[in-house]
1. State whether one or more residues within region 86-93 are more than 25 Å from the chain's Cα centre (by Cα) and either without any contact (Cβ under 8 Å) to a residue 60 or more places away in the chain or under 24 Å from residue 10 (Cα atoms) (or both).
2. Take residue 191 and tell me if it is under 27 Å from residue 20 (Cα atoms), in a helix (DSSP H, G or I) and more than 16 Å from the ligand (Cβ to nearest atom).
3. How many residues are farther than 17 Å from residue 13 by Cβ, crowded, with 18+ Cβ neighbours inside 10 Å and out of contact with any strand residue (DSSP E or B) (no Cβ under 9 Å at 6 or more places or on another chain) if we restrict to region 134-172?
4. I'm checking my understanding of the structure. Among residues of region 96-124 that are assigned to a helix (DSSP H, G or I) and within 13 Å of the ligand (Cβ to nearest atom), which one is surrounded by the most Cβ atoms within 10 Å (Cβ to Cβ)?
5. I'm trying to understand the selection: among the residues of region 240-280, which are within 15 Å of the ligand (Cβ to nearest atom), at pLDDT 95 or above and surrounded by 21 or more Cβ atoms within 10 Å (Cβ to Cβ)?
6. What number of residues within region 12-57 satisfy the criterion of being out of contact with any helix residue (DSSP H, G or I) (no Cβ under 6 Å at 6 or more places or on another chain), touching a residue at least 60 places away in the same chain (Cβ under 8 Å) and more than 17 Å from residue 94 (Cα to Cα)?
7. Can residue 226 be described as away from the ligand (no atom under 16 Å from the Cβ), over 30 Å from residue 16 (Cα atoms), at pLDDT 95 or above and not hydrophobic (A, V, I, L, M, F, W, C)?
8. Would a scan of region 78-90 turn up a residue that is closer than 30 Å to residue 291 by Cα, within 16 Å of the ligand (Cβ to nearest atom) and outside the structural domain of residue 305 (by TED's automatic domain parsing)?
Amino acid sequence: MKIAIVCYPTFGGSGVVATELGIALAERGHEVHFITYKQPVRLELLGNNIHFHEVHVPEYPLFHYQPYELALSSKLVDTVKLYGIDLLHVHYAIPHAYAGYMAKKMLQEEGIFIPMITTLHGTDITLVGKHPFYKPAVNFSINKSDVVTSVSDALKKSTLDIFDIEKEIEVIPNFIDTSKYSLEYTDCQRSLMAQDDERIITHISNFRKVKRIPDVIKIFNKVQKEIPAKLIMVGEGPEKEYAEQLCDDLGLKEKVLFLGNSTEIDRILCFSDLFLLPSESESFGLAALEAMINKVAVISSDVGGIPEVNKSGISGFLSKVGDVDEMASNALKILREEAVLEKFKENAFKIASKFDIVHILPLYEEVYEKAYKYR
Ligand code: GMT
């Protein structure tokens, strides 16, 4: 099939899932066209059956807000016609499902029928989408999608609770390509980050409020008082400066490393012992899954889709949002003894392996077949 994928090209989970899916589909022989404003961060190789079409939004002084949806829907129309695209797969409802639906209608006027699959990722529903300023448009574009998928049962439930949905929502969990992890890293440079006797704790995110970055630091602060440890913070976002200040205030400057955004998170996770994800809300927690496939145990909150990934007492522990004391004490339960840590690491890897792309890709292909019938 010829599939157009619309996504955010950034480090965020939805863009990562869309990109990895596109790459896997191309490897299966589909022709994949990414349509977005920048080449997606994890998309390195373009080729015969993997293309990237950039959406340009020319600046015009009249516009206080530049009309990205308009440019995107026009680009979709042109690309569908030029390459004979069979279906649109939009990731993250805002504004992609809305722009996709407009493109669909414009194409219909010319006698071209193109089905649209919308994959809901999380904040497009639970945070941004439910805001009264966006809600009617998000509700409309979900209902106008030919097939709707959600990345967890929890997100499906939230969508049905928040919106007035007439469509069936199919749950297709996020995934990981385990074949990439079958080889141990030979250049896993733990010694650059910590002393031999120190445990390495990691957090990776977009440093937005929803991630509860101060909780990450407070948990680490308690842990490092009991055992030697380092904290590695990966990512960029609005809470980063405050986080650096908090580390300074708590006297943790020497023990916390802020690495910024990274395209090589596996190189960091390969020497991590524990991953912290105390989020306020999380539809799935792809970062936790990526940690687990690298044999990293997880301490997380128990919200949204996280319990579908991190299993309490097995791959890590889950606590109520904000329960920093319990999260720190659970972290210590895992980290104190080598044998216990090893058990949690192995379990994390085993659970993550169940989310292998080989199980998930056919589910998307089934959905594509189903959507294709709407032509
Ligand atoms: O984590 C974020 O805030 C980024 C956001 C995104 O849209 O890229 O992530 C969401 O989608 C990911 C991929 O499906 C999920 O793993 C994340 O849990 C979800 N984030 C939230 O629900 C807060």
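The values are calculated or read from the model by the stated rules, or taken from the named source; none is laboratory data. Note that the structure is a prediction, hence the values are computed from the model and not measured. As a convention, Cβ positions derive from the backbone with ideal geometry for all residues, glycine included, and neighbour counts pool all protein chains shown.
1. Looking for residues that are more than 25 Å from the chain's Cα centre (by Cα) and either without any contact (Cβ under 8 Å) to a residue 60 or more places away in the chain or under 24 Å from residue 10 (Cα atoms) (or both), one finds none in region 86-93, hence no.
2. Values: under 27 Å from residue 20 (Cα atoms): no; in a helix (DSSP H, G or I): yes; more than 16 Å from the ligand (Cβ to nearest atom): yes.
Against the criterion (under 27 Å from residue 20 (Cα atoms), in a helix (DSSP H, G or I) and more than 16 Å from the ligand (Cβ to nearest atom)), residue 191 does not qualify.
3. Summing the residues that are farther than 17 Å from residue 13 by Cβ, crowded, with 18+ Cβ neighbours inside 10 Å and out of contact with any strand residue (DSSP E or B) (no Cβ under 9 Å at 6 or more places or on another chain) in region 134-172 gives 3.
4. The first filter runs over region 96-124 and keeps only residues assigned to a helix (DSSP H, G or I), leaving 96-109, 123-124.
Pick out the ones that are also within 13 Å of the ligand (Cβ to nearest atom) and you get 96, 123-124.
Numbers: 96: 30, 123: 22, 124: 26.
Step by step, filter region 96-124, then rank; the result is 96.
5. Filtering region 240-280 for residues within 15 Å of the ligand (Cβ to nearest atom) gives 240, 261, 265, 275-280.
Imposing the further condition that a residue be at pLDDT 95 or above reduces the set to 240, 275-280.
Those that are within 15 Å of the ligand (Cβ to nearest atom), at pLDDT 95 or above and surrounded by 21 or more Cβ atoms within 10 Å (Cβ to Cβ): 275, 276, 277, 278, 279.
6. 5
7. Working: away from the ligand (no atom under 16 Å from the Cβ): yes; over 30 Å from residue 16 (Cα atoms): yes; at pLDDT 95 or above: yes; not hydrophobic (A, V, I, L, M, F, W, C): yes.
For residue 226, the condition - away from the ligand (no atom under 16 Å from the Cβ), over 30 Å from residue 16 (Cα atoms), at pLDDT 95 or above and not hydrophobic (A, V, I, L, M, F, W, C) - is met.
8. To start, the set of residues in region 78-90 that are closer than 30 Å to residue 291 by Cα comprises 89-90.
Now drop any that are not within 16 Å of the ligand (Cβ to nearest atom), which leaves 89-90.
Restricting the remaining residues to those that are outside the structural domain of residue 305 (by TED's automatic domain parsing) gives 89-90.
Looking for residues that are closer than 30 Å to residue 291 by Cα, within 16 Å of the ligand (Cβ to nearest atom) and outside the structural domain of residue 305 (by TED's automatic domain parsing), one finds at least one in region 78-90, hence yes.
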